[in-house]
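Have a look at the structure below, then the notes.
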Amino acid sequence: MSTTKLWCLVSQPNSVVLEVEVDLRANGQECLEKVCEKLGIDYSEKDYFGLQYRGNKGENLWLNMRNRIDRQLSGPQPFRFQLRVKFFVQPHMLLQEKTRHQFYLQICMELKEKKLLVSDEDHLVRIMALMAQAEHGNQANTEQQILSYQNLIQGIVSSSDDFLTNLAYEHANYRGMCRISAEYKVIQEVSALPGYGMEYHEAKNEANEDLVVGVGPEGVVIYDSNMTEFSRFPYPIVQKAVHNGKKCLLCVFNEDGETTHEEFKMVSCKAAVALYRSITEMHSFFRCDTINSEVFSQVSQDLKGVLASIFLKENNSVGMNYVFDVQHTFREVYDSTKRKIFMSQQSLDDQGQGHSESEMDTTYENQDVSSSFEMYKNQLQKIQEGFVCRVCMDKEISTTLCPCGHMVCCSECADRLDECPVCRTAINKIQPVFLPTPVMAANG
């Protein structure tokens, strides 16, 4: 094994393991980028993902992408990580099929692990039928099909004859649907669940009772040990989160505008930092227009750095580590990805035209043009999808929702909405817009 390299094993939600080798001094981002490169996840959508590892006391911890890997983990190589979705955005914001596939894989895993709970049986049947279409294709009245259903629902719901019959009937409704569409539909169905995008942390309250702290796109939810919700704190009423040792403190405003405190005792100092990071990063990613400089630049210094500062009596960066690794908001990631796909397509278009003018003489070069043209068509389709109404997925975007300013739906769908489907802001005005979209150009 090389002494200048770090050997990492990264498992996907479907348990497929990827081997990655990075420089000995590499930070977490370099490892994540190599994993995403292997999986074909391009552009800014890498920001939706992270790498998790187990702490010494069984905590689920996120590798900080901005800090060196060897300063966050100890022990012999290989270092073992799990590729996981860190920020579950709404399905219509996922522009790449490879990204949607990883979201789908994690949803399947979380359903089996009971992290995602579906209380309505009809809703669960729809989800399972779409998963069956994605995994096994069209429904067939065979014994093998029944076995595949039983394997699919194992760990999610008990295998009763009634449920299997309903599943078979629902599965038949999706005949002809391709795997990519079925996976996207699964994400759409699951995104309506209250637990979608929720990250869970085990803790104890001041009375030393077990509880679970859920941190999600909308706020912080407190559950008892049976996962029954008893407190909810939307981000607008959260004043701040702080941590000290093994404790994490959540400061919130009550109905009278006074500050109250919720104290959580964690299993370790790292677990307390993990909860503190989760609350701050979730809020920054989903609720802010851009990452606050105080969040982006916040650092901590380890014991080695503190001692160096004392004895050297000067400011230095020894032992300095970033506390947070969130660098963009979900709006910035979405806009950046859409822009990069468009610019990439323009580049491919220019290359294709250059080839067509100079490669008329050889068969080999003509084949190269054909290949570029196919890539152009695929990328153009993605651009066109970005200008289609995110609600009906049929007509072109033709409205701006005020006051938030999001352009995500057609006029007919906008008339039926009370709040923005992206940021949940109440709509007080619908402004028509006329975009020179690729859809219009294609139709023209």
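Ranking His136, Leu117, His261 by how far each Cα lies toward the positive end of the dipole of the chain (charges on Cβ) leaves His261 at the top. Using a Gaussian network model of the chain whose springs link C-alpha atoms within less than 10 Å, name the residue from Thr400, Thr142, Thr290 with the highest mean-square fluctuation. It is Thr142.
Which entries in Lys86/Lys115; Lys185/Lys340; Lys46/Lys338; Lys38/Lys114; Lys57/Lys112; Lys86/Lys340 show an alpha-carbon gap greater than 19 Å? It would help to have the intermediate numbers written out before the result.
Values: Lys86/Lys115 14 Å; Lys185/Lys340 25 Å; Lys46/Lys338 13 Å; Lys38/Lys114 29 Å; Lys57/Lys112 24 Å; Lys86/Lys340 22 Å.
Pairs exceeding the cut-off: Lys185/Lys340; Lys38/Lys114; Lys57/Lys112; Lys86/Lys340.
When the trypsin sites (Lys or Arg not before Pro) in the range 132-237 are filtered for DSSP coil states and for at most 11 other beta-carbon atoms within 10 Å of their beta-carbon, the remaining sites are Arg175.
Sorting His171, His201 from the fewest to the most surrounding beta carbons within 10 angstrom yields His201, His171.
The tail of the calculated P(r) for the range 5-87 beyond 21 Å holds 19 percent of all Cα-Cα pairs.
Report the gain in length on full extension from Gln77 to Ser119: 0.36 nm times residue separation, minus Cα-Cα distance, nm rounded to one decimal.
Numbers: separation 42, 0.36 × 42 = 15.12 nm, distance 4.25 nm.
Computed gain between Gln77 and Ser119 is 10.9 nm.
Taking the Cα centre of the chain as origin and assigning +1 to Lys and Arg Cβ atoms and -1 to Asp and Glu Cβ atoms, the resulting dipole is close to 1260 debye.
Taking label points 7 Å from Cα along the Cα-to-Cβ direction, Gln150 and Lys5 give a separation of 4.6 nm. I need the Debye-formula profile for the range 92-226: one equal scatterer per C-alpha, no solvent, reported as log10 I(q)/I(0) at q = 0.14, 0.21 1/Å, two decimals. For the range 92-226 at q = 0.14, 0.21 Å⁻¹, log10 I(q)/I(0) is -0.68, -1.25. Taking Glu135, Glu255, Glu412 as the candidate residues, the one with maximal mean-square fluctuation in a Gaussian network model of the chain, Cα springs under 10 Å, is Glu255.
Counting every C-alpha pair in the range 199-289, the share spaced more than 17 angstrom apart comes to 44%. With bins 10 Å wide beginning at 0, the percent of Cα pairs of the chain falling in each bin runs 4, 17, 26, 27, 18, 7, 2, 0, 0. Based on the Cβ-Cβ distance from Lys57 to Ser160, what FRET efficiency comes out when R0 is 45 Å, to the nearest 0.05? My answer for the efficiency is 0.70.
Spatial offset of the range 83-120 relative to the range 242-290 amounts to 24 Å, using the alpha carbon center of each.
About its Cα centre, the range 102-191 has a charge dipole of approximately 300 debye under the convention of +1 per Lys or Arg Cβ and -1 per Asp or Glu Cβ, with nothing else charged.
Can you tell me the relative contact order of the chain? Whole percent, Cα pairs under 8 Å, sequence separation 6 or more. All intermediate terms of the calculation are to be shown ahead of the outcome.
Numbers: 689 pairs, mean separation 45.6, N = 444.
Reported as a whole number, the value is 10 percent.
Helix hunt in the chain: which complete DSSP H runs extend at least 20 Å axially by C-alpha with mean Kyte-Doolittle at least -1.0? Span-like helices here: 97-112, 121-136, 269-287.
Bear in mind these aren't lab numbers, they're just calculated from the coordinates by the rules spelled out. These numbers were taken from a predicted model, which means no experiment stands behind them. Virtual Cβ from ideal backbone geometry, glycine too; neighbours counted across all protein chains shown.
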